[in-house]
Amino acid sequence: MADANTYIIMLYLHERLTYIKCDIIRRILSDYFNIDVLLVMGITDIDDKIIRRSIESEKDFETLSRHFESEFFADMNKLNIREPYLRCRVTDYIPQIIQFIERLIAKDDGYIAPDGSVYFNTSKYNKYGKLSTLVLDTVNDQNFIGKKSALDFALWKAAKENEPSWKSPWGYGRPGWHIECSAIASTVFGNSIDIHSGGIDLAFPHHENEEAQSCCYHDVDQWVNYWLHCGHLSLKGDVKMSKSLKNTISIQDYLENYSANNLRMLCLLSHYRNGIEFSDEVIQTAVSATKKLDNFINDCDNYVTGKFKTGEIDENLLYTTLHDTRSKVYSALADDFDTSKAMHAIINLVGIGNKMLHQDNVTSRSNNVSVIAAVSNYLSNILSKFGISRSTKSTVENRQIEDIIDHFLNFRTIVRIRALEQKPKDTILLKECDNVRKCLSTCGITVKDQQNDTSWSWKQ
């Protein structure tokens with residue numbers, strides 16, 4: 001179960017980081033551990049912010065919320081985040097929400113206020129605060145009117161003038177925020193959920209209130225087995241990114257300079273529970289790691305196909321390192337999805353492999369390329385399981401383009417070797433060969449010259 005809101009006017013980086021982290025966890029469960037995952041996403045398509053925006057724009061809330069929902073999922077696609085199995089809009093579940101509230105009232109876990117609003121009676125639930133371990137005495141509510149306690153929260157909000165409302169046994173109104181998720185999840189999953197995810201800011205009051213009302217509704221001690229709370233993205237000095245502080249970065253602006261893979265790598269390099277301090281240095285670390293992995297896999301593939309002819313491969317050491325890496329990655333992912341430890345092991349494998357491949361003064365004497373192929377295959381598979389998409393995966397059209405590049409660079413290599421063999425060296429031809437390499441770089445192609453050969457790869 002995951003939460004989503006459609007009221008976001010601009011799609012912001014700090015808000016999307018949670019969805020990337022949750023997508024990584026989902027992929028680890030389904031693609032790495034082969035566990036069937038049924039992901040349901042609740043879509044809040046009616047709340048105070050949507051109503052306010054509707055009034056300001058003079059558009060009905062349904063048109064507005066559908067527009068932002070469409071933008072939201074377009075954004076998810078740009079970031080390579082898998083769609084949920086079910087999208088559940090709040091307004092499609094009004095009957096189920098009303099039935100949920102009716103049962104809470106009947107059990108004295110909810111009560112009707114004089115204005116027709118309905119509140120959850122926290123005094124009837126002695127485990128309130130178990131999830132967030134908050135100090136209850138510190139919770140204040142300026143809107144205390146009609147409530148028995150400042151801790152009590154709205155299950156149903158009485159209708160106000162010029163606001164959308166639905167008929168209920170206690171009068172016209174609309175659902176409170178917390179009841180939406182509980183009613184939707186209970187309709188789909190019943191009285192128990194394995195995993196419920198969201199940002200750390202949702203732990204209280206949102207998830208605390210969900211757990212309380214759902215335990216009362218289902219007569220259970222525990223509704224959710226595992227709460228996964230993802231850390232925030234912040235600026236230097238632990239300043240949280242938020243629209244109110246006007247220090248946010250839009251996804252559109254981010255993707256003008258970096259890739260979705262870079263942002264996903266940023267998440268992989270940190271434990272999902274940890275916050276991430278966003279800075280040029282931090283994002284460059286993610287960019288460098290992405291390039292290092294992509295370039296190494298390309299070098300491995302070129303070595304296997306005979307395009308990369310330098311290097312001295314210690315097969316026993318590399319096989320041993322690959323085996324150790326597999327084991328470390330498995331242990332890390334099995335321990336609370338610790339992608340940070342997993343990536344450390346993966347990058348260590350790449351470092352050892354790179355040293356072997358880039359013995360520039362040594363022509364490879366090994367005819368057995370199986371270990372390099374095994375390393376490349378493992379890295380490609382594990383990165384794919386994390387949701388890192390490789391630009392080198394070719395379609396038929398791309399393979400035709402790559403054949404043209406191969407033929408062109410073979411011709412350039414012949415010219416370059418002839419220029420080097422001249423005495424003195426033909427500096428004019430060598431300069432033109434360098435210019436060709438620079439021109440190809442602007443087209444997204446990296447050319448690497450060895451002693452008597454050349455290899456190339458697509459830039460990340």
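The values are calculated or read from the model by the stated rules, or taken from the named source; none is laboratory data. Quick caveat: nothing in here was measured; it's all calculated off a predicted structure. Neighbour counts run over all protein chains shown; Cβ positions are idealised from the backbone, glycine included.
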Condition set among the hydroxyl-bearing types (Ser, Thr, Tyr) and under 35 Å from the mean Cα position of the chain (by Cα), scope the stretch 166-209, selection surrounded by the fewest Cβ atoms within 10 Å (Cβ to Cβ): answer is 192
With respect to residue 416, is the statement that it is more than 19 Å from residue 390 (Cβ to Cβ), part of a helix (DSSP H, G or I) and in contact with a helix residue (DSSP H, G or I) (Cβ under 7 Å, 6 or more places away or on another chain) true?
-> yes
Filtering the stretch 308-326 down to residues that are in contact with a strand residue (DSSP E or B) (Cβ under 8 Å, 6 or more places away or on another chain) and not charged (D, E, K, R), which residue is modelled with the lowest pLDDT?
-> 310
Do we find a residue being within 16 Å of the chain's Cα centre (by Cα), under 18 Å from residue 347 (Cβ atoms) and of a type in the set (D, E, K, R) anywhere in the stretch 261-281?
-> yes
Among the candidates 87, 66, which residue alone is at pLDDT below 95 and not in a helix (DSSP H, G or I)?
-> 87
Among 54, 117, 70, which is free of Cβ contacts under 8 Å to residues at least 12 places away in the same chain, among the polar types (S, T, N, Q) and surrounded by 18 or more Cβ atoms within 10 Å (Cβ to Cβ)?
-> 54
Those residues that are modelled with pLDDT of 95 or more and aromatic (Phe, Trp, Tyr), I need them from the stretch 262-294; list them, please.
-> 272
Based on what the data block shows, is residue 426 of a type outside the set (Lys, Arg) and within 17 Å of residue 305 (Cα to Cα)?
-> no
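Matching residues to (1) assigned by the TED database to the domain that holds residue 45; (2) under 24 Å from residue 125 (Cα atoms); (3) among the aliphatic types (A, V, I, L, M); (4) at pLDDT 95 or above:
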| position | (1), (2), (3), (4) |
| --- | --- |
| 145 | yes, yes, yes, no |
| 148 | yes, yes, no, no |
| 164 | yes, no, no, yes |
| 171 | yes, no, no, yes |
| 179 | yes, yes, yes, yes |
Residue in the stretch 35-49 that is surrounded by the fewest Cβ atoms within 10 Å (Cβ to Cβ), counting only those that are acidic (Asp, Glu) and free of Cβ contacts under 8 Å to residues at least 12 places away in the same chain | 36
Regarding residue 329, is this residue modelled with pLDDT of 95 or more, surrounded by 15 or more Cβ atoms within 10 Å (Cβ to Cβ) and out of contact with any Pro (no Cβ under 9 Å at 6 or more places or on another chain)?
-> yes
Pick from the stretch 367-376, criterion free of Cβ contacts under 8 Å to residues at least 60 places away in the same chain and in contact with a helix residue (DSSP H, G or I) (Cβ under 9 Å, 6 or more places away or on another chain), ranking: nearest to residue 331 (Cα to Cα) = 374
From 382, 414, grab the single residue that is surrounded by 13 or more Cβ atoms within 10 Å (Cβ to Cβ), at pLDDT 90 or above and β-branched (Val, Ile, Thr).
-> 382
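The rows are residues; the columns are (1) under 18 Å from residue 42 (Cβ atoms); (2) modelled with pLDDT of 95 or more.
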site	(1), (2)
201	yes, no
205	yes, no
212	yes, yes
216	no, yes
231	no, no
235	no, no
242	no, no
For the stretch 26-63, which residues satisfy the criterion of being assigned to a helix (DSSP H, G or I) and under 17 Å from the mean Cα position of the chain (by Cα)?
-> 26, 27, 28, 29, 30, 31, 32
Which listed residue is farther than 22 Å from residue 93 by Cα and at pLDDT below 90, from 75, 36 = 75
